[in-house]
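Heads up: the structure comes next, in structure tokens.
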Amino acid sequence: MKRRDDVLLVDGYNMIGAWPELAALRDKDFEDARDRLLEMLADYQGFTGMTVIVVFDAHQVPGIGKTFKQRRLTVVFTKEKETADACIERLASDMAQRSRDIHVATSDMIEQHVIFGKGALRKSARELLTEIKQSRKAIQHKVEQKTSVRNELDSNLKMDVRMKLEKMRRGEL
């Protein structure tokens, strides 16, 4: 069971490469694939209540790296000469506490073993995609339930009040 203080660390480019929708989008426009990933993860974060941190590998790009909020997610671009895996390992170690679980989403088997050794829970790209699809279905189901139930004032009033209102409507009072 996920708790509100649990954290999900996501290897962003690993998900883009592993999820068919994003891989196809990446081939047309890399930035659109990144934005779509963030949109999907923001919905997932909203549904589960987990804190989601998405790490993008920028180790071959000069710079100091950056962290910012986008769609209420924390997005991290690693600094020069730091891989996403190294950043995720560092974040997992920094965040480890007894009161919360750290989940790491990557399909990199070596990274899964390393992260598991640090006490984090591993999750493959396929598992995360399945969870996202299930959360979407659950959200859709809730929306459909709410729209099918009418919340009319009439059904919530006592009969004598309804009669008085009806008389007022007709101008009899």
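The values are calculated or read from the model by the stated rules, or taken from the named source; none is laboratory data. Everything quoted here is computed from the prediction, not taken from an experiment. Cβ placement follows ideal geometry from the backbone for every residue including glycine, while neighbour counts extend to all protein chains displayed. Just the protein is used for accessible areas: all its heavy atoms, side chains included, with ligands, DNA and RNA removed. Shrake-Rupley method; radii C 1.70, N 1.55, O 1.52, S 1.80 Å.
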(request) Taking amide H positions as placed in the peptide plane 1.01 Å from N, state which residues far from Val52 in sequence (5 or more) or on other chains have amide H under 5 Å from it. (result) Leu8, Thr74
(message) Of Pro20, Thr78, Ile102, which is farthest towards the positive pole of the chain's charge dipole, taken about the Cα centre with +1 and -1 on the beta-carbons of Lys, Arg and Asp, Glu respectively?
(response) Ile102
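So what is the accessible area of the chain per residue, in Å², with the probe set to 1.4 Å?
With all protein chains present, the chain gives 65 Å² per residue.
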(request) Using the Karplus curve 6.51 cos²θ - 1.76 cosθ + 1.60 with θ = phi - 60°, work out ³J(HN,Hα) for each residue of the stretch 125-131 in order, rounded to whole Hz, and write x for Gly and Pro. (result) 4, 5, 4, 5, 4, 4, 5
(request) Please list, or write none, the aspartates and glutamates whose alpha carbon is within less than 20 Å of the alpha carbon of Lys158, excluding same-chain residues fewer than 8 places away. (result) Glu166, Glu172
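Rounded to the nearest percent, how much of the accessible area of the stretch 1-111 (1.4 Å probe, protein heavy atoms only) is carbon and sulfur? Walk me through the intermediate numbers first.
Working: 2960 of 5900 Å².
The computed percentage sits at 50.
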(request) Find the eigenvalues of the gyration tensor of the Cα atoms of the chain, then list the square roots of 5 times those eigenvalues as equivalent ellipsoid semi-axes, largest first, in whole angstrom. (result) 47, 18, 15
(message) Over 29 Å between Cα atoms: which of Lys28/Lys118; Lys69/Lys137; Lys28/Lys123; Lys79/Lys123 fall into that group?
(response) Lys28/Lys118
(request) Compare the Cα positions of Gly171, Val10, Phe47 along the charge dipole of the chain (+1 at Cβ of Lys, Arg; -1 at Cβ of Asp, Glu; about the Cα centre) and return the one farthest towards the positive end. (result) Gly171
(message) Need one number: nm distance between label points at Ala24 and Lys164, each 7 Å from Cα along Cα→Cβ, rounded to one decimal.
(response) 6.1 nm
(request) Compute, for Ile102, the solvent-accessible surface of its heavy atoms (probe 1.4 Å) with the complete set of protein chains present, and express it in square angstrom to the nearest 10. (result) 10 Å²
(request) Please give the length that would be gained between Arg100 and Phe116 if that part of the chain were fully extended, namely 0.36 nm times their separation in residues minus their C-alpha to C-alpha distance (nm, one decimal). (result) 4.3 nm
